[in-house]
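Note sheet for the following structure.
The values are calculated or read from the model by the stated rules, or taken from the named source; none is laboratory data. This structure is a prediction, so every number in the text was calculated from the model and none was measured. Using ideal geometry, Cβ is built from the backbone for each residue, glycine included, and neighbour counts are taken over all protein chains shown. Just the protein is used for accessible areas: all its heavy atoms, side chains included, with ligands, DNA and RNA removed. Shrake-Rupley method; radii C 1.70, N 1.55, O 1.52, S 1.80 Å.
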Amino acid sequence: MSRLGHVGRERLLLWLGICLVALNLRPLVSGLGPVLTQVRADLHLSGALAGVITTLPVVCFGVFGSLAPPIAARVGIRRLTLVAMLAVAVGLVVRVVSGSGLVFVLGSTLALAAIGFANVLIPTLVKLHFPRQIGLVTGVYTTLLQLSTAIAAAVSVPMSAALGGWREGLGVWALVAVVAAVPWLGLLRERVALRPAVHRVTWRGLSHSPTAWLLAVFFGIQSANAYAQLGWLPALFTDAGVSKTGAGYALAVIPAVGVVVSVVLAALTARLRSFRPVVVTLCVCYAVGYLGVLVVPATVPWLWSLLLGVGGGTFPVSLMLIGLRARTGQGSSALSGFVQGIGYLVAAAVPFLIGVLHDATRSWTAAVAVLLGSVALLFLAGLGVTRVRYVEDEIGTDRPEAA
């Protein structure tokens with residue numbers, strides 16, 4: 001095969017591999033919620049263990065995401081991506097074949113840890129192999145991620161009923177993970193090294209970068225809002241007088257709008273000179289959506305959800321900026337681990353805080369006010385990260401921690 005043909009085949013496999021990985025990063029989470037009651041009854045899960053299961057995703061994403069860059073530097077980013085997809089499949093199988101609640105949690109932990117790795121690896125792969133198409137590839141990737149999130153939530157109950165139970169309904173996603181591993185078998189030979197000979201960007205080095213911290217805050221706040229909405233928005237709407245069906249539809253609007261926003265961003269990013277107008281627009285939509293939820297939640301809940309869904313476009317923007325604020329693939333890998341490691345741990349705390357505030361005040365006012373206030377921080381961090389700066393320049397190539 002000619003060199004040109006080999007490069008074309010490699011790029012095709014990379015495109016396919018990234019797209020298939022995207023389809024596996026959230027169904028494990030979104031598909032469980034609708035059948036969690038059945039799972040608890042069948043496995044005799046305690047309330048405490050069920051609580052662990054619902055908070056496990058963001059904790060695993062944060063902890064294991066931060067470990068991805070050094071491991072990828074040792075074993076290779078493509079190999080680690082392949083292992084991650086196989087681990088997702090194994091974890092999904094383990095959790096549906098066992099009759100033990102503890103084994104269910106362990107299987108879920110394995111799969112979620114692998115997803116935590118993949119969350120960090122994909123932005124790095126995009127930076128390495130598509131440096132001039134970061135916006136387009138990231139837009140397609142996040143579109144597929146959000147689409148699979150919505151599909152898994154929508155089909156979880158009917159698919160479980162059609163296949164014979166929740167085990168079969170959740171286990172189907174293991175097949176999707178196996179399929180996602182296939183392109184990476186053809187990409188095992190590392191063409192681009194993650195570890196340059198000198199000036200390696202490290203976690204310690206990034207701790208001296210204002211841009212890295214601003215991006216971590218930006219990513220963390222947008223993630224916190226997404227998980228807070230997923231966990232509490234239906235309850236807020238039903239407490240305000242919206243029917244359970246209406247509240248469910250209102251929640252479904254958010255990921256649906258997110259898909260559209262990702263598509264639009266993918267189409268626009270090549271023409272954008274700056275992400276600042278995008279960030280301002282998204283934050284304004286977020287703020288108006290929360291004001292509507294705060295003041296008149298039951299009037300037009302679908303409109304507030306639509307605006308919150310537009311605001312959720314900060315997720316693909318944050319992933320695009322990870323690739324754009326590092327000069328090298330290795331720098332992007334380190335930055336991705338730093339940003340997502342810190343960001344997801346922040347996201348793990350906020351939904352818990354929302355629940356505490358609601359229980360303490362017997363009202364949603366304080367909780368929504370906190371989320372509205374977080375949009376102000378999101379806006380300020382967004383203004384910072386939209387300035388064109390590179391983390392390698394900020395930490396300095398002569399610093400010992402950056403070498």
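Can you compute log10 of I(q)/I(0) for the range 268-403 with the Debye formula, treating each Cα as one identical point scatterer, at q = 0.13, 0.19, 0.20 Å⁻¹?
Result of the Debye calculation: -0.68, -1.15, -1.22.
Residue by residue through the range 309-320, what is 3J(HN,Hα) from phi via Karplus (6.51 cos²θ - 1.76 cosθ + 1.60, θ = phi - 60°)? Round to whole Hz and write x for glycine and proline.
For the range 309-320, the Karplus curve yields x, 5, x, x, x, 5, 5, x, 4, 5, 5, 4 Hz.
Extension gain ALA366-LEU380, at 0.36 nm per residue separation less the Cα-Cα distance, in nm?
On the way: separation 14, 0.36 × 14 = 5.04 nm, distance 2.16 nm.
Computed gain between ALA366 and LEU380 is 2.9 nm.
By the scheme Lys and Arg +1, Asp and Glu -1, what is the net charge of all other residues having a beta-carbon under 13 Å from that of GLY384?
+3
Would you please give the FRET efficiency between LEU188 and ALA41, computed as 1/(1 + (r/R0)^6) with r the Cβ-Cβ distance and R0 = 35 Å, to the nearest 0.05?
Numbers: r = 43 Å, r/R0 = 1.23.
It comes out at approximately 0.20.
What are the extents of the Cα atoms of the range 78-217 along their three principal axes, listed from largest to smallest and rounded to whole Å?
55, 35, 32
Tell me, what is the per residue accessible area of the chain in Å², probe radius 1.4 Å? Intermediate results must be reported in sequence, preceding the final value.
Working: 16640 Å² over 403 residues.
Heavy-atom SASA per residue in the chain reads 41 Å².
Could you work out how far the C-alpha centroid of the range 253-269 sits from that of the range 92-116, in angstrom?
Taking the Cα centre of the range 92-116 as reference, the centre of the range 253-269 is 31 Å away.
How big is the chain on each of its three principal axes, counting only the C-alpha atoms and giving the largest first in Å?
Here the Cα extents, ordered largest to smallest, are 61, 46, 36 Å.
Between beta-carbons, use under 12 Å as the cut-off and find the net charge around SER332, counting Lys and Arg +1, Asp and Glu -1.
My count for the surroundings of SER332 gives +2.
Return the Cα extents of the range 192-286 along principal axes one, two and three, sorted largest first, each rounded to a whole Å.
61, 32, 27
If packing is taken as the mean number of other Cβ atoms within 10 Å per residue, what is the order of 54-62, 217-225, highest first? Write out the running numbers ahead of the final one.
Details: 54-62: 21.1, 217-225: 25.9.
Going by the mean number of other Cβ atoms within 10 Å, highest first, we get 217-225, 54-62.
What is the percent carbon and sulfur in the accessible area of the chain, measuring with a 1.4 Å probe over the protein chains and ignoring ligands? Display every interim value, and only then the final one.
Values: 11670 of 16640 Å².
The nonpolar share, carbon plus sulfur, comes to 70 percent.
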